[in-house]
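Data block below; observations after.
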Amino acid sequence: MLQQMTSFRSEYDEFQESTFESNSDAFVAFVVANTTSDPANAMQRLLPNFFGRPALYGKTFVATLDQQGKPASVTMYPPAQTVQSASIYS
C-alpha cells in the first residue's frame, strides 16, 4: 500500500507542478528499476523520449553505465565517435 505524503502545495497554497512531476518521474524510475528482470527492457523504459531532437532519430548507440548507474560513455554504432560523461551533462 502506498500513501502520498505531500500535497505539493506551497506555503501560499499554490500547486507545485514541477515538484509533483519530478517526484512522479522519480517514482516511475524506482518502480521500473525494481520490477523488471530484463536490463534492456529497464533501459528502454527509463530513457527519456527524444521528441524534438531529429538529429538522434534512427541512430543506434551503445551506452556504458558506471558503478553508480550514471552514463560513463555513449558511442554511436557503428562506431563514429564517443562522448564521455563529462560532456554529456555540460
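Since every read-out is calculated from the coordinates, none of them should be taken as a lab result. This one's a predicted model, so the numbers in the text were calculated from it and none came from an experiment. Neighbour counts are summed over all protein chains in view; Cβ atoms, including those assigned to glycine, are modelled from backbone coordinates with ideal geometry.
Is it the case that PHE50 is part of a helix (DSSP H, G or I) and surrounded by 10 or more Cβ atoms within 10 Å (Cβ to Cβ)? So PHE50 fails the test.
Would you confirm whether any residue within region 14-34 is part of a strand (DSSP E or B) and at negative phi? Within region 14-34 (the criterion being part of a strand (DSSP E or B) and at negative phi), the answer is yes, since at least one residue qualifies.
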